[in-house]
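Participant: The structure that follows is given in the form of structure tokens.
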Amino acid sequence: MSHEVEHDVIIIGAGAAGLAAAQQLKAAGVTALVLEARNRWGGRIWTDHTYGPVELGAEFIHGEQASTWQVIRPAGLEAEPWPRGRQRGHAYRTLLARQGRLLSDESLPGRVDALFEQVTTYNGPECSAYDRLLALAGSDEEALRFVTNSLACLEAADVARLSASAVSHERALNTAGWENSHITAGYDALPTLLAQGIEVRLDTAVTQIEWSDTYVRLETQNGYPMTTRQVIITVPLGVLQLGQPRFLPALPEVKQQAIDRLAMGHVTKLALHFNRSVWPEFTSLRTDGFVLTWWPAGTDAAPVLMGYTGGPAALELAALGQERAIEQGLQELSQILGDDVRSAFVAGRLVDWSTDPWSLGAYTYTPIGAGQARADLAAPLAPTLFFAGEATSTNGHVATVHGAVETGWRAAAELLATR
Ligand SMILES: Cc1cc2nc3c(=O)[nH]c(=O)nc-3n(C[C@H](O)[C@H](O)[C@H](O)COP(=O)(O)OP(=O)(O)OC[C@H]3O[C@@H](n4cnc5c(N)ncnc54)[C@H](O)[C@@H]3O)c2cc1C
């Protein structure tokens, strides 16, 4: 079939994966146009600069060996270890609270850590992480509750669906390391860096992908069709699961099954800003309230407590709406940390990723029986369609920025190999 082709390569999505792919192609002398539905680039990297940088999406560079350092260091972007005191020799300090009270059981943190370690190194027949936790915890209900919530937050998952063996497998593959860092100026400096020299067309949602083995024709929300030789698709799983964009002809069964089998997880963030820090130094505070985890963020001058709730509980928190969620967060924090929390409060912001129309969730997790799905989703439909994005990561770096960047590099290499 012949068709007049206007563009060489189009990339759908200007998140970490799409922009990394565009840079990789540019380095090989191939110009790509990036189409982005939002009015900004960065996707699930989104920094609020109102009171100093506060991360509404991705927050940490996960790992001292994360591949994103290959971009951050040469550009001279300043990054600092997290927790901020880490360089100054402070130890990690996790506080555990239940029903509004800090727990003083000295053996509990050790039991929680041990249970977490056991469940995340599981090597056995396929089962849910929750079933595995139940079997491992025995009568230790306190440790069970904290580890269930921690895993729900970390994986953004419903732990009753989450595959225990996939969690262990992905953690075992991880080569990025486990130390966390922040980009000092805000995480959004990374996509801004990756967008340099790339043509990104904002406010341009792709609604239909008509594909063949010689050309691809894209329909956009603005009603302006485009024809291109090759496409890299980085649309998040939640959006693909809704059938957006529409594929003509429909995707092969194996690809569609991969989309259906993987799960998009939920995270709701609640950022509370204060005019002074009125809490003891801690790295994370884990509770059983509406907000499952808090950590200190912001700067000394503009301190923030970041509430992070993952899994099904994220939907319950989001359902409160911003005003009631802020009140709920303040109430829970003042019970645990004291009434000064209220008097020092300045402003709050709730971010519900599950209703964000261009991600429809926070990041992916692997449910029971979906072990092959990421590889199936990643596989190109060469020579015209290529797939990248966090969900397509097969090297244990799923649900991260560096994992997304690596998939962009991988898809770009696959595309270049066809030439
Ligand atoms: C709350 C939260 C906390 C996180 N914390 C961390 C963390 O601390 N560290 C870490 O490494 N990772 C973290 N992550 C994960 C990380 O943000 C993602 O894995 C990564 O940013 C995904 O990049 P991506 O390019 O695959 O997808 P995205 O960033 O989602 O990019 C895809 C782009 O496609 C666009 N798009 C969607 N549909 C269309 C369409 N039809 N047409 C055109 N464009 C479209 C979207 O608007 C988006 O910009 C977090 C994520 C969330 C939500």
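The values are calculated or read from the model by the stated rules, or taken from the named source; none is laboratory data. Computed from a predicted model, the values in this text were never measured in an experiment. Reconstructed Cβ throughout: ideal geometry from the backbone, glycine too, with neighbour counts over all protein chains shown.
Participant: Among the numbered criteria (1) out of contact with any Lys or Arg (no Cβ under 6 Å at 6 or more places or on another chain); (2) outside the structural domain of Asn39 (by TED's automatic domain parsing); (3) outside any helix (DSSP H, G or I), which one does Tyr122 miss?
Facilitator: (1)
Participant: Something else about it: The conditions are (1) more than 18 Å from Gln70 (Cβ to Cβ); (2) among the hydrophobic types (A, V, I, L, M, F, W, C); (3) buried (at least 24 other Cβ atoms within 10 Å of the Cβ); (4) more than 8 Å from the ligand (Cβ to nearest atom), and Leu360 fails exactly one of them. Which is it?
Facilitator: With (1) more than 18 Å from Gln70 (Cβ to Cβ); (2) among the hydrophobic types (A, V, I, L, M, F, W, C); (3) buried (at least 24 other Cβ atoms within 10 Å of the Cβ); (4) more than 8 Å from the ligand (Cβ to nearest atom) applied to Leu360, the lone miss is (3).
Participant: Give just the number: which of (1) within 13 Å of the ligand (Cβ to nearest atom); (2) closer than 23 Å to Leu25 by Cα; (3) among the charged types (D, E, K, R) does Glu414 not satisfy?
Facilitator: (1)
Participant: Something else about it: Would you pick out the residues in region 1-24 that are away from the ligand (no atom under 15 Å from the Cβ) and not in a strand (DSSP E or B)?
Facilitator: Met1, Ser2, His3, Glu4, Val5, Glu6
Participant: Which one is surrounded by the most Cβ atoms within 10 Å (Cβ to Cβ) among residues in region 326-353 that are free of Cβ contacts under 8 Å to residues at least 60 places away in the same chain and under 25 Å from the mean Cα position of the chain (by Cα)?
Facilitator: Gly329
Participant: Just need a number here: residues in region 210-240 that are of a type in the set (Ser, Thr, Tyr) and within 30 Å of the chain's Cα centre (by Cα).
Facilitator: 3
Participant: Now, a different point. Is region 368-386 home to any residue that is closer than 26 Å to Leu95 by Cβ, touching a Lys or Arg at 6+ places or on another chain (Cβ under 6 Å) and away from the ligand (no atom under 16 Å from the Cβ)?
Facilitator: So far as region 368-386 goes, no, none of its residues is closer than 26 Å to Leu95 by Cβ, touching a Lys or Arg at 6+ places or on another chain (Cβ under 6 Å) and away from the ligand (no atom under 16 Å from the Cβ).
Participant: Next question. With the requirement that a residue be within 26 Å of the chain's Cα centre (by Cα) and more than 16 Å from the ligand (Cβ to nearest atom), what does region 248-273 give you?
Facilitator: Listed by number, the residues that qualify are Val254, Lys255, Gln256, Gln257, Asp260, Arg261, His273.
Participant: Test Gly110 against the stated conditions and say whether it is away from the ligand (no atom under 16 Å from the Cβ) and free of Cβ contacts under 8 Å to residues at least 40 places away in the same chain.
Facilitator: Taking the combined requirement at face value, the residue satisfies it.
Participant: Go through the residues of region 25-47 one by one and say whether even a single one is of a type in the set (Lys, Arg), near the ligand (Cβ under 9 Å from one of its atoms), within 15 Å of the chain's Cα centre (by Cα) and closer than 18 Å to Ala189 by Cβ.
Facilitator: Yes, the conditions are met somewhere in region 25-47.
Participant: Right, here's the next one. In region 1-46, what residues are among the charged types (D, E, K, R) and touching a strand residue (DSSP E or B) at 6+ places or on another chain (Cβ under 7 Å)?
Facilitator: Answer for region 1-46, where residues must be among the charged types (D, E, K, R) and touching a strand residue (DSSP E or B) at 6+ places or on another chain (Cβ under 7 Å): Glu4, Glu6, Asp8, Glu36.
Participant: How about region 287-312: which of its residues are of a type in the set (A, V, I, L, M, F, W, C), in a strand (DSSP E or B) and touching a His at 6+ places or on another chain (Cβ under 8 Å)?
Facilitator: Hit for region 287-312 is Val304, nothing else.
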